[in-house]
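Encoded as structure tokens, the structure appears first; notes follow it.
The values are calculated or read from the model by the stated rules, or taken from the named source; none is laboratory data. Since the model is a prediction, treat every value here as computed from it, not as a measurement. Methodologically, a virtual Cβ is constructed for each residue, glycine included, from the backbone with ideal geometry; neighbour enumeration extends over all protein chains shown.
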Amino acid sequence: MKILVAGATGNTGLRLVKKLKANGHTPIALVRQSSDTSALGADVKLRQGDLTDLQDGVCDGCDAVIFAAGSGGSTGPEMTDKVDRDGAKRLIDLATKADVSRFVMLSSVGAGNPDPDSELAHYLQAKHEADEYLKASGLDFVIVRPVSLTEDDGTNDIRFGDDVDPKGKAARGDVADVLARAADDTDWVGKTFLMESL
């Protein structure tokens, strides 16, 4: 499949692109003009696009879309809304227009029912709204909600669902592996699940 990856140059996205290639897919990295794409490899196709101002057509010709982007911990509420909420919604709309067969969303633990008292309340609310928008879009979707991320590659020893410890850890390598699987696992369509690394 041709799979558009938003957030391809991030710490999770770089691992995801490698896993998609290893699985026989053709990843297409959605990148800003200013993005450092050197770590992606010369064989990865690039498509220009900024999540704060996505133009029509960025999903054209793609079989699936994976949203693995984020505004980052150092940005304020305005950028969180522009990227994690509005950028995701716009990409969902463009995926729908392009008849994309599946949309995989990297979300977060706590996004299902955001705690207004959490220090991440604004971020979780933005993710919640994007997730709900995806569910209502009519697209085949998978929503992955990892617990707190680490920079580890992971061991592929992963727990899913209600038994996940919300205070646990999820290795970025394991998250990337799950996102890659979600792109073509028919059993996961329409599901939202928590995950942690063991």
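Pick from 130, 126: which is outside any loop (DSSP other than H, G, I, E, B) and under 19 Å from residue 182 (Cβ atoms)?
Unique residue meeting the criteria: 130.
Does at least one position in the range 87-96 carry a residue that is surrounded by fewer than 19 Cβ atoms within 10 Å (Cβ to Cβ), at pLDDT 95 or above, in a loop (DSSP other than H, G, I, E, B) and of a type outside the set (S, T, N, Q)?
Within the range 87-96, none of the residues are surrounded by fewer than 19 Cβ atoms within 10 Å (Cβ to Cβ), at pLDDT 95 or above, in a loop (DSSP other than H, G, I, E, B) and of a type outside the set (S, T, N, Q).
Would you please name the residue that is nearest to residue 58 (Cα to Cα), looking only at residues in the range 97-110 that are in a loop (DSSP other than H, G, I, E, B) and under 12 Å from the mean Cα position of the chain (by Cα)?
Out of the qualifying residues, it is 107.
State whether one or more residues within the range 173-187 are modelled with pLDDT of 95 or more, loosely packed, with under 14 Cβ neighbours inside 10 Å and farther than 28 Å from residue 101 by Cα.
Checked against the condition, which is being modelled with pLDDT of 95 or more, loosely packed, with under 14 Cβ neighbours inside 10 Å and farther than 28 Å from residue 101 by Cα, the range 173-187 yields no hits at all.
Restricting to the range 29-49, name every residue that is without any contact (Cβ under 8 Å) to a residue 40 or more places away in the chain, assigned to a strand (DSSP E or B) and surrounded by fewer than 19 Cβ atoms within 10 Å (Cβ to Cβ).
45, 46, 48
Exactly one of (1) within 18 Å of the chain's Cα centre (by Cα); (2) farther than 26 Å from residue 47 by Cα; (3) modelled with pLDDT of 95 or more is unmet by residue 123. Its number?
Just one mismatch for residue 123, condition (3).
Given the residues 52, 9, which is the only one that is touching a residue at least 24 places away in the same chain (Cβ under 8 Å), crowded, with 18+ Cβ neighbours inside 10 Å, hydroxyl-bearing (Ser, Thr, Tyr) and not in a strand (DSSP E or B)?
Step by step, each of 52, 9 is checked, and only 9 is touching a residue at least 24 places away in the same chain (Cβ under 8 Å), crowded, with 18+ Cβ neighbours inside 10 Å, hydroxyl-bearing (Ser, Thr, Tyr) and not in a strand (DSSP E or B).
A quick yes/no check of all residues on (1) surrounded by 13 or more Cβ atoms within 10 Å (Cβ to Cβ); (2) out of contact with any Lys or Arg (no Cβ under 6 Å at 6 or more places or on another chain); (3) within 18 Å of residue 3 (Cα to Cα):
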| residue | (1), (2), (3) |
| --- | --- |
| 108 | yes, no, no |
| 116 | no, yes, no |
| 119 | no, yes, no |
| 132 | yes, yes, no |
| 140 | yes, no, yes |
| 146 | yes, yes, no |
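Give me the pairs, please: first residue somewhere in the range 83-96 and within 12 Å of residue 68 (Cβ to Cβ), second residue anywhere and of a type in the set (Lys, Arg), beta-carbon distance under 8 Å, and either six or more positions apart or on two chains.
Between residues of the range 83-96 that are within 12 Å of residue 68 (Cβ to Cβ) and residues that are of a type in the set (Lys, Arg), the close pairs are 84/127.
For the range 55-80: of the residues being free of Cβ contacts under 8 Å to residues at least 60 places away in the same chain, of a type in the set (A, V, I, L, M, F, W, C) and in a loop (DSSP other than H, G, I, E, B), which is surrounded by the fewest Cβ atoms within 10 Å (Cβ to Cβ)?
Once the filter is applied, the top-ranked residue is 58.
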